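Below is one structure, written out as structure tokens; the observations come after it.
The values are calculated or read from the model by the stated rules, or taken from the named source; none is laboratory data. The structure displayed is predicted, hence computed values, not measured ones. Reconstructed Cβ throughout: ideal geometry from the backbone, glycine too, with neighbour counts over all protein chains shown.
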Amino acid sequence: MFELILSALILLGAFFTLVGSFGLYKLPDFFMRLHGPTKATTLGVGALLIASALYFSFKTDYISMHEILVTLFLFITAPVSAHLMAKAAIHIKIKQVKRTQNQIK
Amino acid sequence: MLETTLLIAFACVSLAFLFSFMRLIKGPDLPDRILALDTLYINAIALLVLLGLYFQSALYFEAALLIAVMGFVATIGLSKYLLRGDIME
């Protein structure tokens, strides 16, 4: 049972990491591309880290805190870096697809 | 069961690496390349976590934490450079 939960979390995490990077490759516009890595990939890595924390907490007797530290750091820094990248893109007036809303003037 | 799952997960994360790397090479503008680098370091953290599970060693998390900190600082620095033409004023 424990192995089943662990496997489900690992598969979910790997799948969302793949979806995020595929979105980065496939989407047509920088502001659309920003969605993939900052949401899907962060969720995927979060699921992988939770799986790892569960595994090492049950393998040894004490709670494994390393993974929680990495998760916390990643969840705090991902929005900050996404915000700064979007600001830089607006500043240099990046090319946009016609159907993106709120075009840069 | 866990072995098979880990192998599938390795395949998925490697494919994710490939997609990000293709965007890094192709990316028409500089913010695209910064975003691709950002994604690459997050993928590297995922791969390190999977390696830690595969080899059953807790040694990989220090490396993952270090990569997380360094990658964040690199992304901020590059974005600031595009924004102001200078990193520290």
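A few notes on this one:
- Selection from the stretch A:21-37 of residues that are part of a helix (DSSP H, G or I) and either at pLDDT below 90 or within 7 Å of another protein chain (Cβ to nearest Cβ) (or both): A:SER21, A:PHE22, A:LEU24, A:TYR25, A:LYS26, A:PHE30, A:PHE31, A:MET32, A:ARG33, A:HIS35, A:GLY36, A:PRO37
- Across the stretch B:45-89, the number of residues qualifying as assigned to a helix (DSSP H, G or I) and at pLDDT below 85 comes to 1.
- Test: residue in the stretch A:55-73 that is under 17 Å from B:ARG23 (Cβ atoms), facing chain B (nearest Cβ under 7 Å), modelled with pLDDT of 80 or more and surrounded by 14 or more Cβ atoms within 10 Å (Cβ to Cβ): no
- Among residues of the stretch B:15-36, those that are under 20 Å from A:ALA89 (Cβ atoms), modelled with pLDDT of 90 or more and more than 7 Å from chain A (Cβ to nearest Cβ), counted: 3
- Subset of the stretch A:45-54 [of a type in the set (Gly, Ala, Ser) and within 7 Å of another protein chain (Cβ to nearest Cβ)]: A:SER52
- Inspection of the stretch B:56-69 identifies at least one residue that is crowded, with 21+ Cβ neighbours inside 10 Å and either among the charged types (D, E, K, R) or in contact (Cβ under 8 Å) with a residue 24 or more places away in the chain (or both).
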